[in-house]
Structures are given as structure tokens and as C-alpha cells.
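Encoded as C-alpha cells, the structure appears first; notes follow it.
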Amino acid sequence: MKPPNSSNNLSKYEQSFADFACDYSIKARAIASVSLALTFIALNFIFKLSLPIHIFTIAALFQSLINQPYRFLRNLLKSSDKVLFITNIIDIIVISIVVYYVGGLSFTFAGFLYLIVIVFNGIFGGTTRALVLAILSSLAVIFLYIFETLEILYHPTLITFQISELQKVVLLISYIAIFFIFAVLAHIPSQRLKHELVKQREITAQLEQEHFITEMLYEITNTVIRAESIEEVYQQTLDGITKALNINKASILLFDPDGIMRFKAWVGLSENYRKAVEGHSPWKPDDPNPQPIFISNVEKDRTLNENLKKIILNEGIRSLGFIPLVFKGKLLGKFMIYYEQPHEFTQREITLILAIAIQISLSIGRKLIEIELTNWRDKFEKIVLAMKEVVYEWDFENDTTTWEGDLEAIFGIKKEELKERKFSWQEFIHPDDVNLIMPKISDAIKGTVSTLETEYRIRRKDGSSIYCLDYAYIIRDENGKAIKTIGIIFDITTLKETEQKLLKREKVLKVINYAAGILIKTIDWEKEIGKLIEALGESAEVNSVYLFKNQERNGELTTGLVARWYSSNLEKQVEDSQLQNISYKLSGFERWLDVLGRKEVIHGFVKNLPFREYLFLSFLGVKSILVVPIFVGDKWWGFISLNDCRIERKWDEAEINAIKTFADILGLTIQRSENEKALRESEQRYRKLFEDSKDPIYISTPEGKLVDVNPAFVELFGYSSKEEILKVDIPTELYENPEDRKKNLEAIETQGYIKDYELHLKTKDGRKLIVYDTSTPIYDDKGNIIAYQGILRDVTKIKMLEQQLLQSQKMESLGRLTAGIAHDINNALTVILGNTQLAKRLLTQGDIEKVNEKFTEIENTIRRTGEFTKKLLIFSREQPAVMKISDLNSIVNDFTKVMLKALRENIKIELILAPKLPNVKVDPALINQLLLNLIINAQEAIYGEGRIIIETYTRYIDQEYCDYHLEAKPGEYVVLSVSDTGIGISKEILPRIFEPFFTTKEHGTGLGLSIVYGIVKQHGGFINVYSEVNQGTIFRIYFPAVYEYEEEREAKEEAKPEIKGGTETILIAEDEEKLRTTVIDMLQSLGYKVYSASNGLEAIEIFKEKANEIDLVFLDIVMPVLGGYEAMKEIVKIKPSIKVIFATGYSLNGLNLEFIKGFDLIQKPYSYETIAVKVREVLDRK
């Protein structure tokens, strides 16, 4: 059966309308012609009208017989409306012939006959064709008029009206007018007729569709209902789908318990396809509102996964639909329909598909419920057969009871006994429970409740008792009167016994919980154990509890009583002293060594124990015993014994486990107690080591507080007591620079420890300390650092000696430069002296221009010499490294300008400096020292002519390199390479060149390269040496690259400021007389009033007299009798607001300038411009 194609019907409504008109026209014409012929024949016979009967007969026969030619014509033209038009033209011709022979134009029905044809075609064919037929009809009546007027074959009849010619003309014109009027108006009813016909056709198609759907659903439902198994339901449903939708591929899939979609039935699908797509679902199993999905063209679809699409196309599927199967709001699965060609799903198809989906869901859902109910019924029947319960129905009106189930298990009677006598369950209720139960039952029956649940004891036929739970449902009539009850009686004896055991166990567990709370807070468990075992014995409902501890005596394991408890109603059978030093072997308890030693328990009736055990325990009055071992760690410590002296008691698993738990808790407490005692002893030993250590030891918090320190720590920092130093803030009071504390902690957290980490600290009185710190963190149980513990080693003196040694080596190196430096200074002095003498001579000659030139040359020479001496002073400074961001190329360039003066003339220095190097964080003075030592060594290794090559470049060091060079760390480095063409270093000597005091020179100190190595390590870098005998040596130093901006360089040139003088008064103190005179002249030339002193003491005396007059004091720092700094302190006391300028000829880098913070400083040699600008700047400052 195929569904009606409603879409095609709708598209052919206009053609159907034409077919209807054509068919109706052919049939109506035949009927009308025959009817008219018979009417005229009858009239002619009755009234003797002499009508042309043969004409009517011929016309009737023609119209009847012409049906088949008309049908042939319609098939030929393939257009019903054209056939209708042609038949109407033939109708006009036939009508014209008949009318003419009946009565001509004046025949009464002539115009009506034509009008019928025009209107009919107008209704079914439209206005245009109606007008054509009106024209033809008009021509026909005109010809009738002409033929009638000319009397061509004209025979008037009785129904021909005799009218005048004028009336005929009027009649002719009226016919023509009416023809055209009706031709125009005929289209109006035609539209309505078409509309009604279309509507009728739509209703018909819809009814056909609904009928088809209903019929298909009925067929599917009927088929499914007859199915006996779920598999047959699937298959019958699938057959219905393929028939209803006229397809040859379909499937049904359902979710399995794991939520995976599985095939249940299919048709037309290959096994490979099913395996490939099984499990795919467009919806989740818990989707609350799954919607159907229709894909008209798989190839063009963009929603499908490409792999899935490929699988579908390979199966020959070009269009498909996913339709969810939902039953009672739950998604069961889906059914799938497949088309082998692209297919557009119409709304009617979708409606049919969804209707089928609903029916399939209902059928499958109900069948699954039916199967589930069947399974439950089978299970229930098995349960009833297997259970030891009784089901009953008690009829109140007849006072009869129907019983099912195991009566023997509940009442102790057999079912056959019911036939012998009337059985009433009330008689089996325990006498003690009757008065409690029966009123409850009576009240429930008389009341309005529908259920009743009671517990009572039943005394069985053999006299034994059991506990029962009776659950009944009371059935009432329409008035609420109880008429019967249906109930079930359960044997809950085991449950009750278990409940009692649980209650007893709960009491024991409460005691154990209480004991745990006590024991966890104390290490002196011996004081608490007595009351704890008392509580344990009472809760366990025993008569005595013993606690024994093992001990070794003479190589034999014995046991002795530690604690015991007796119930109040138990007489003491033995003294406590008799229960000490009991030998397991000698007393007959050798078995206990093995059993308890394996962490097993001993329990049972004493009478069933081995004889010697029975003899000893029965002497104590014990009838039933439970013995649980106590372990401290892995060592068997002893045991706890619970004894029942009244009855032979069975110990259940719950009781045993509870006592084992108590034994475990006690074992842990004993272990903790022993550990803490050992810890206390260890702590005492550790405290002595801590206190007696000569190295400072400390424990501190991350927040910067000391928790504990030893006396050596207190002494190192100069505090009077431990209590005093524990109050200090570590970063601010013990560190020179508080930021160093953060760096120290970061190093510990990064590495997990530090070893010999250099720190610069200070004592209570501010004295500097240099220490090595070895420290580790202390963590809590969550892995957080809660403290640091460490040892300090005071290396202040060692560092001072190292610094002195370093300075000594510098001086040695500097001494080697003396010859070259002296040469350059002598050259400069020669230039100064020569130009001075020439200037004097030129002054006598009055040549001022030449004099200015000579003085300019003198000035430039002095400036060059001054810059040179500043760089020389850097080498001799004595202070810790001052790291700053620097450009290594700039340091190398500046230093080589100095070194060129000191090298032999036959040795050349070549610089190969890579442009745009990353910066490095270094102390420029130390890098100069490093270069000096390497260049001097290179010069000494070159005999005759040679080259020293200095290179800079970058290198990235990876982890693989670091694996083979332990001093290196991964990262980017700036490399400084110093190579020479000297004699090289032999392989035997090369490993030792960095050792302090190792030298191969006759007068060498052996410190040069060791200092180089120390400087490299101080900068976080590493050094490599490559050398071959007679081939030269290469030192490569790797400095970590940094990407920070270079600090402002000291030698940055500034634009010359405007020189201004003044009228203020200045006191100058300078011990060098000529320099003092020069400065006085400079200041006086600027307009200032000047007082002078040769030392600090003179300056103080002058200032005391002229304090109110003096505006500025100019002091040299280093002077005999009293230095500038000491003089300044006294001067400031006299006049705190006085302005001070210090001057020095020493390197600024080499001085400790902390003491002159807040004052201005200029360095010798200073120029006229320098002193003028600085003095004016200080005087103008507010």
C-alpha cells in the first residue's frame, strides 16, 4: 500500500477541473440530446406537430455516439480544456441545425440553447473562450435569420412563432447582446466553482492521507500486539515502517544500560555499516526534548561529521532521517529511515513519520514494561516460595483467615493441621505481649487508618519464642468500615538479636571513643588505664578485665599484670602479686606465644581450651574468655583479657573487632609515650650539643624572628643575653642590607638548602660581620615552611685577610705598570714645563695670542693626565664588589687605553668586540683587575714579538653542555676571551693554575689566576682555559647576560655650565700650600672673600671667630693634625646650618664615603670651571 501523493494532486487541481468539465460536458450532451429527441418525438406523436423527427433522432445519435471520438480527441490533444472548447463549437453547429429545422430564429428555446453552451464554457474555460463562443453563436443566429428569410430548406413548425421582420431583427440583436453579456459574466461563478472544487479536492486528499496513516498505524499496532517476543516486536515494527514509507532500508536502535545506542533490528544495511555507526546518537540518553533530524542530501549536509558522512555515503545512502523514540518522557532510542537518492521530506511525510514514531515508542515501551513486570513476577514468586514469612488474609465479617507461606517456620505447625482445626493466630501471641498488641489492632480496625505495623513475640508450638513484624493493610467498604485485612508476618528474631548486639557494641565503641580521647591527650597512660578498663568491662558486660605486659627474664619471655578490674559482684580469687612474672611456657600458656605473637585473638569457652590453660583460668573463676594482643609498633607488648565468670558466652565478630580497636589505640598510646620519652632524652642530648657548640646555631621564622639560638650566636652578635637577641628583627637589626634577607630565603626555597652562603651582617654595636650560612627549611605536614635552622661560620677575619692579600696583589700588579706610567707622566710633565717656560718668554715679548695657545696646551695635558690617574686609582681601591649593569665592551675599551701604556712596544693588543652585546651585572673595578692579571700573564708568556687578542661575543649554554661542565648553568652568556701567542701551558700544569700560591715563576706570588677565578665566581660565571705548548693560551670567561638598561657612566661628558661668581665669604682648609694658594686665587677672582687654614684645627679656630661671617667651608678630607671630616663635625656644632664642600685626591670608588652623606664632594684635580660651578651651586642651594 502506498500513501496518496497529495502534493501531485494539489499541483494538478486546474487540470482536474478541466477534466471534470470535459467529462461532464460529454455525458450531459448525450443525455440532453437523447432526452430532447424523445421529448419532441412524444410531442409530435401526441399533438401531430409534423416535427422533423429524423433530425432529432440523428442529433441524439450523433451526440451519443460522438463520446468515444471525444475521448480519443482528448487523449490526442493531452488537454481537456481544448477538447471542451472544440466540443462546444460542435454543439453550436448541432444546435443551429436542430433549431433551424424546429422553428428557426423565432423558436422559443433557440437563444437559451446557445446561451447554455456559452455560459458552460465560460464557467469552465474562462471569459476569452466564452466570448469566442458568443461570436460563433451570434454568427449562427445571423445565418439562421438569413436562411429563414431566404427560406432555404426551411419548414416552419407549430412551435415556430409568427413574428414580423422587425421583431426578428430585434430578437436577433437581443440574442447577440445577451450572448456577449453572459460571456463576460460567466467567469464570476467559474472562480467560485474552481475554489470549491479545489477545496473539495484538498479535503479529499487530507482524508485519504489520514485514512492511510490510520490504516498503517492500525496495521503496525495489530502486528506488534500479536508479537510474542521483543525481537518480534522490533522486526514487525520495522516491516511496518518500510511498507508505510515505501523504503527498503530502515533500522531501530535502543540505548543499552551503559547509554550506548545499539542496533535491535534492521533491513538493507551491511554488517560493516552497522559496526561503524553503532553507538552514534544525535541526542544524549537524558535529553529531555529530543527533536527529529531529517537530512535531504547527505553530500551537501554540513552538520554530519566528515568520517560519519563518508561511512553513510559508502553504504549508498543519500538521504536519511533520525527519529527519536520517546516513552513516558524517557528517550528509548531512535528509528532510522534511509533513501538511496536525495529526498525532500514533505510536511505530510514528516507527520506520518512522527505518528509512526509515537506508535513504535508506545509499542516498544509497553512491551519492555511487560517484560520487566514478567521478570518481577517471576522473581516475586521465587521470593515467596523461598522466604520464611507468612502471608494472610483475615476476613472480619466471617472471622476466617487464609494463610500462605511457611507456617512451620513462624508458628511451628504444618499447613495440613489447618484442615483439622480452626486456626487463630491470636492464640500464638506471647502472653506477655497480648495485652500490648490486641488493643492496637482493635483501635486500628475501628479507626480510619489503612495500614498497621506491629512487633510482638510468637510462642511456637514447641514452646520456643521468636520476634515477629506484622505488616497489615486494612481494606474498608464505602462507609469506612473495616471488612478485611491483608498482611505479612516476618520473623525478625535475628534482626532483634543483631540489634541488641549492636546496642552492646555501641556501648563498647562509646567507651573506646572516650578512651581514645583520653589516651591521645596524655603520655602517662598508666594513670588513666584503670578507669578505662573499668568502663570497658562494664560496657562489654563482663566480670573482669586484665592487662598484662610482656618482659624478658633470663632469656625467657614472661608476662605480668599491669592493671585489672573486677565487677562488684565478683569475689577476688587471686592476689595481684601472684599474677607477676608468669612464664608462658612453665604455666602452660606456650600456645599463646604463637597465637598472640601472630596478632591473632584467643576466645571461647574455657572448658574447651587446652587442659593446663583450663586449669589456670578456671581457678580464676573464668568461664568464657577473650584475649587480644597489644602491639607497640611491630613488637608484641602484651595482651588484654576480658573474662565472663557467669555464663559460657559466645563472642561475636563485632565484639572482637571492638576490643581489637581498643588494643590498637592503647598500643599507639604506649608507642607514643615511649617515643616521647626517647625524644625527651634525645632532646636533652641535643640541647647539650646545641648549647656547647662553638659555632653559632639558630632557628628562625619566615617572618624574621629568632625562635632559638645557642650562646655562641649571642656572643657573635654582641648581645648580653639570649632573651635580648630573641627580640630582634632579623632583617633590620642583624643584616647590613635588609634586602639580603629576602635573597637568602629565596636561595633556600629554590635549592631546598644553602651551604656556605655568604652574608653581610652587623653586630649590636654596628660592627660588620661576614659569615657563611648553612641552612635548611623546616616544613609542616602540609609542606609549608614554618622555620629555618642553620649554622653560621664567622669568616670576617678571613675575608679581611683575603682583601688585604688581594690589595697586595693589586699593588704588585700596579708596580709592574710603574715604568710605563712613569714614562707617560714624565712626558706630560715635560709638555707642561716646556709650555710654561715658553709662555713666560712670550709674555715678555707681549705675544698674548701665543701665550693663550701654550696655556691651553698645558690645560689639556693636565686634564688627560688627570683622567689617566683616575683610572689608575680604581685598581688600588679597598671595598666589596659593587655590582651594576654595565656594557662589557665599554669596560674593555677604557681599560686597554691604560694598558697600552704599560705593555712592551713589541706586543700588540687586538680588540674584536661584538656589537650590540647584552649587558652584564659586574663590578667594573674587578673586571679591570681580572683583565690586568690576564694581560700581564700573557705578556710574560710572550718572548719577543706577539699579540694579545681580546674578544667579546655571546653564547647560549644548553643543558647538555651543563651536564659535562658542572660549574655552568643553562642560559645566555656574554663571553670575554683573552688569548695570546705565548709559550702556552703544559697539560701537567694546566689543572693547577687556579690554585692559590701555585706558580712556575721565580718571583711570582701564585695569586694572579686564583684572584681571576675568584672574581669570575663572584660574578656568577665560569671560566675555561685552552692551551697548547708553543701555541698560546686562551682564557674564556662567561658572564650571565642581563637585559636591563646600562647605568649612567661616570665619564659622561656634560655641557660646560655658565661660570658665576659671588660676594659670599668662604673658609678653605688645604694642607698643600701651593694648591691652597691656587684655590684662594680662583675664588677671589670670582669675587668671593676667602679665609684659609693649613689643617682642620686651624680651620676650627678661624671658624669660631668668623662663624657669623662665613657662608661656606671648603675642606680637604685628608690633612695633618686634624682631617676634614673631624673638623666638619666641630664646625657643624658651632653653626649647624653651615654649608660644606669636601675635596680629595683619592679615588671616589676607593673611599668609604658613608660618613659624608649629605655633603658635596669634588675630586682632585679640579679645574677653575669645576670649582666655580660647585661653589655657586652649594651657595645657591636652599
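The values are calculated or read from the model by the stated rules, or taken from the named source; none is laboratory data. The structure presented is a predicted model; accordingly, all values stated were derived computationally and were not measured. Glycine gets a Cβ as well: all are built from the backbone with ideal geometry, and neighbour counts include every protein chain shown.
Worth a mention:
- Matching residues in segment 941-992 - criterion: being aromatic (Phe, Trp, Tyr), surrounded by 11 or more Cβ atoms within 10 Å (Cβ to Cβ) and within 41 Å of the chain's Cα centre (by Cα): Tyr961, Tyr973
- Residue check, Glu910 in a loop (DSSP other than H, G, I, E, B), surrounded by fewer than 15 Cβ atoms within 10 Å (Cβ to Cβ) and assigned by TED's automatic domain parsing to the domain that holds Tyr1013: no
- Among residues that are surrounded by fewer than 15 Cβ atoms within 10 Å (Cβ to Cβ) and either within 22 Å of Arg793 (Cβ to Cβ) or not assigned by TED's automatic domain parsing to the domain that holds Lys762 (or both), Glu653 is included.
- Annotation: Ile358 fulfils all but one of (1) under 17 Å from Ile241 (Cβ atoms); (2) at pLDDT 90 or above; (3) surrounded by fewer than 19 Cβ atoms within 10 Å (Cβ to Cβ); (4) of a type in the set (Val, Ile, Thr); the unmet one is (2).
- Options Glu1126, Glu1105: the member that is out of contact with any Gly (no Cβ under 8 Å at 6 or more places or on another chain) and part of a helix (DSSP H, G or I): Glu1105
- Residues that are crowded, with 20+ Cβ neighbours inside 10 Å and aliphatic (A, V, I, L, M) were ranked within segment 1091-1111; the one that is farthest from the chain's Cα centre (by Cα) is Ala1093.
- Note on segment 548-585: among residues that are assigned to a loop (DSSP other than H, G, I, E, B) and modelled with pLDDT of 85 or more, the one that is farthest from Gly638 (Cα to Cα) is Ser567.
- Qualifying residue in segment 581-594 (condition: β-branched (Val, Ile, Thr), surrounded by 14 or more Cβ atoms within 10 Å (Cβ to Cβ), assigned by TED's automatic domain parsing to the domain that holds Asn643 and under 60 Å from the mean Cα position of the chain (by Cα)): no
- Reported count of residues in segment 246-283, each being part of a loop (DSSP other than H, G, I, E, B) and in contact (Cβ under 8 Å) with a residue 12 or more places away in the chain, is 14.
- Considering Asn937, Asn893, the condition of being in the same structural domain as Ser1010 (by TED's automatic domain parsing), assigned to a helix (DSSP H, G or I) and in contact (Cβ under 8 Å) with a residue 24 or more places away in the chain is satisfied by Asn937 alone.
- On inspection, Arg687 fails the criterion of being in contact with a Ser or Thr (Cβ under 7 Å, 6 or more places away or on another chain) and of a type in the set (Lys, Arg).
- Within segment 590-632, being at pLDDT 90 or above and among the aromatic types (Phe, Trp, Tyr) holds for Trp592, Phe605, Phe631.
- When restricted to residues that are without any contact (Cβ under 8 Å) to a residue 40 or more places away in the chain and touching a strand residue (DSSP E or B) at 6+ places or on another chain (Cβ under 8 Å), segment 900-910 contains 1.
- From the list Ile413, Ile458, Ile445, the one residue that fits, being modelled with pLDDT of 85 or more, on the phi < 0 side of the Ramachandran plot and surrounded by 11 or more Cβ atoms within 10 Å (Cβ to Cβ), is Ile458.
- Count of segment 296-329 residues which are among the aliphatic types (A, V, I, L, M) and either closer than 30 Å to Arg366 by Cα or touching a Gly at 6+ places or on another chain (Cβ under 6 Å) (or both): 4
- Hey, Leu761 more than 42 Å from the chain's Cα centre (by Cα) and touching a residue at least 60 places away in the same chain (Cβ under 8 Å) or not: no
- Residue list for segment 602-629, restricted to those being more than 23 Å from Ser567 (Cα to Cα) and either touching a residue at least 40 places away in the same chain (Cβ under 8 Å) or not in a loop (DSSP other than H, G, I, E, B) (or both): Asn608, Phe611, Arg612
- In segment 461-475, of all residues being assigned to a loop (DSSP other than H, G, I, E, B) and on the phi < 0 side of the Ramachandran plot, the one that is surrounded by the most Cβ atoms within 10 Å (Cβ to Cβ) corresponds to Lys461.
- Among (1) surrounded by 14 or more Cβ atoms within 10 Å (Cβ to Cβ); (2) modelled with pLDDT under 90; (3) in contact with a Ser or Thr (Cβ under 6 Å, 6 or more places away or on another chain), the one test that Glu648 misses: (1)
- Positions within segment 638-697 being part of a helix (DSSP H, G or I) and polar (S, T, N, Q), in sequence order: Asn657, Thr661, Thr669, Gln671, Ser673, Asn675, Ser682, Gln684
- Residue pairs meeting the criteria (Cβ under 8 Å; at least 6 apart or on separate chains; first outside the structural domain of Asp708 (by TED's automatic domain parsing), in segment 678-691; second modelled with pLDDT under 70 and acidic (Asp, Glu)): none
- Considering the conditions (1) in a helix (DSSP H, G or I); (2) surrounded by fewer than 17 Cβ atoms within 10 Å (Cβ to Cβ), Ile533 is excluded by exactly one of them, (2).
- Among the residues making up segment 293-314, those that are touching a Phe, Trp or Tyr at 6+ places or on another chain (Cβ under 9 Å) and either buried (at least 21 other Cβ atoms within 10 Å of the Cβ) or not in a loop (DSSP other than H, G, I, E, B) (or both) are Ile293, Phe294, Ile295, Ile311, Ile312, Asn314.
- Lone unmet requirement of (1) under 30 Å from Ala654 (Cα atoms); (2) touching an Asp or Glu at 6+ places or on another chain (Cβ under 7 Å); (3) modelled with pLDDT under 85 for Leu503: (2)
- Meets criteria (of a type in the set (Ser, Thr, Tyr), more than 27 Å from Lys677 (Cα to Cα) and exposed (fewer than 13 other Cβ atoms within 10 Å of the Cβ)) for Thr494: yes
- Flag if Val542 is in contact with a Ser or Thr (Cβ under 9 Å, 6 or more places away or on another chain), part of a helix (DSSP H, G or I) and touching a residue at least 60 places away in the same chain (Cβ under 8 Å): no
- No other residue among Phe423, Phe428 is at pLDDT below 75, surrounded by 13 or more Cβ atoms within 10 Å (Cβ to Cβ) and in contact with a helix residue (DSSP H, G or I) (Cβ under 9 Å, 6 or more places away or on another chain) apart from Phe423.
- Of the residues contained in segment 1012-1025, one or more are found to be modelled with pLDDT of 85 or more, part of a strand (DSSP E or B) and out of contact with any helix residue (DSSP H, G or I) (no Cβ under 9 Å at 6 or more places or on another chain).
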